[in-house]
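K.L.:
Provided herewith is a single structure, encoded as structure tokens, for subsequent inquiry.
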């Protein structure tokens, strides 16, 4: 059975949808930092919630698609997103960052299930020889969604932030500040809740139309429905229990540690089921897969960290307003999209690992430029100034292109088909990198002392009370993505393949 063009189109649209949500969430960090007058270390909990959800729900998604289908995973992912977006409404009414933390986690949980199901589904749609190119094509729509998300965040969220600084807000009486915060939080809710309509339309289509993949077409007889439901229900319970127990016993636990504790349940569930235990054992004994997880962890962490702090970098280095600085982000995503298409096209003639290795080298050099090049304005376009270090900063995004799907495809290449449904969504655990590397980078940005500072002794370390950082600290933080590029380069070279895929 072949898939209709509309089915393929809507499946590819899913790649754009989670890219849109991801990049709207990136802009919540500077928004919440101003709205709730908090430091980077607390504001970055937005990313801990978002990308921690990916790590926690990846193995649950593995069991879900193994017991049912990729289509079931897509449907549940869309539904969970809608539930999470609705939670933004009471969070706005209560003006509670902790409530938003829960809503963001649920929204991200929907995106995690959707992404884990869609990535593996795209690899399984056709010939395995063209799987990496096919996934790169679909993933090229992810940054298209990202740039839409940036525009939405810029116009609906950042543009509606009150210009009052952190110091001015702290000096305001509560009755004056509350309506300001309510207005700002309302504009945060609007795009997330509106997106529910799009998600619901896609859900209705996939609920009525099956998706044919080579995995389903060659699958053997399935276990009884009751048995499969019991397996998925057990996995769901095992996923939820660690959160509930640790949340009750240790309410003040570090949120990142809380996310890591949440991974214990799914791992225990996998270990308790003989069939999954055998597949899991095979995966952890496959170096290409294990180190692929590490490389993907580095990639996602680097991407989210750079894109999260790009707005702050523009504000600090060139003194522009948040909505003006968002233009650097938009341009960076635009060139990222262009290079995604160019890299996918080049894979017709050049092995993916070679392109990946070259991009990692260039990305590392761009990180060095972001750290060391001057911030003297060279030219301006439409009132937006550009300097050498800002150009290097955008260059990092240029050379992020094709890395995620290439690592994903390389890690799953040649994998035993029996392990594919566990291994594919399992790779999405690596998206935890966004919840680990972003706070690491935030720690450098907000620090007054760091091991990286000795590498930039010539920089200005004058403290900016409004942005809660210094130029030297902000620049030094880009050693973190440079390290990530080096790790990915090593993976490309060590696990290279001679055959083009």
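K.L.:
Could you pull out which residues in the range 462-493 have an amide N less than 13 Å from a spot 7 Å beyond the Cα of residue 167, following the Cα-Cβ vector?
P.N.:
463-468, by backbone N distance to the label point.
K.L.:
What is the distance, in nm, between label points placed 7 Å from the Cα along the Cα-to-Cβ direction at residue 267 and at residue 174?
P.N.:
4.3 nm
K.L.:
Just to confirm the number: angle between the C-alpha axis of helix 70-86 and the first principal axis of the chain, 0 to 90 degrees, nearest 10?
P.N.:
Helix 70-86 sits roughly 30 degrees off the main axis of the chain.
K.L.:
Spin-label point model (7 Å from Cα, Cβ direction): what's the residue 89 to residue 288 distance in nm?
P.N.:
Output for this residue pair reads 4.9 nm.
K.L.:
Listing 467, 57 from the residue with the fewest other Cβ atoms within 10 Å to the one with the most, what is the order?
P.N.:
Going from least to most buried by this count: 467, 57.
K.L.:
Given contacts defined as C-alpha pairs under 8 Å and at least six residues apart, what's the relative contact order of the chain, whole-number percent?
P.N.:
24 percent
K.L.:
If you don't mind, there's one more thing I want to ask. Gap in Å between the Cα centre of the range 269-310 and the Cα centre of the range 389-439?
P.N.:
With the range 389-439 and the range 269-310 each reduced to a Cα centre, they are spaced 9 Å.
K.L.:
What percent does the relative contact order of the range 239-394 come to when contacts are Cα pairs within less than 8 Å and at least six residues apart?
P.N.:
Over the range 239-394, the number comes to 14 percent.
K.L.:
How big is the range 1-62 by the Kirkwood estimate over distinct Cα pairs, in Å? Don't skip to the answer; put the middle values down first.
P.N.:
Values: mean 1/r = 0.0717 Å⁻¹.
Kirkwood radius, the range 1-62: 13.9 Å.
K.L.:
Pulled fully out, how much extra length does the chain show between residue 200 and residue 349, if you take 0.36 nm times their separation in residues and subtract their Cα-Cα distance?
P.N.:
On the way: separation 149, 0.36 × 149 = 53.64 nm, distance 4.00 nm.
Computed gain between residue 200 and residue 349 is 49.6 nm.
K.L.:
For the pair residue 225 and residue 455, what calculated FRET efficiency results from E = 1/(1 + (r/R0)^6), where r is the Cβ-Cβ distance and R0 = 56 Å, to the nearest 0.05?
P.N.:
0.40
K.L.:
Rank-order 354-361, 287-294 by packing density, defined as the average count of other C-beta atoms within 10 Å over each peptide's residues, highest first.
P.N.:
354-361, 287-294
K.L.:
Using Cα-Cα distances under 8 Å and only pairs 6 or more residues apart, what relative contact order does the range 64-145 have, in percent? Don't jump to the answer; show the numbers that get you there.
P.N.:
Details: 80 pairs, mean separation 25.0, N = 82.
Relative CO of the range 64-145 lands at 30 percent.
K.L.:
Please give the helix 45-67 orientation as an angle from the longest Cα principal axis of the chain, in degrees from 0 to 90, rounded to the nearest 10.
P.N.:
So the inclination is approximately 10 degrees.
K.L.:
With n ≥ 4 as the cut-off for DSSP H runs, can you work out [θ] at 222 nm for the chain, using -39500 (n - 2.57) per run divided by the number of residues, rounded to the nearest 500?
P.N.:
Value at 222 nm, helices only, nearest 500: -24500 deg cm²/dmol.
K.L.:
Going by alpha carbons, how many degrees (0 to 90, nearest 10) lie between the helix axis of 433-445 and the longest principal axis of the chain?
P.N.:
That helix lies at roughly 20 degrees to the long axis.
Since every read-out is calculated from the coordinates, none of them should be taken as a lab result. Given the structure is predicted, the values throughout are model-derived calculations rather than measurements. Positions of Cβ are backbone-derived with ideal geometry, glycine not excepted, and every protein chain shown enters the neighbour counts.
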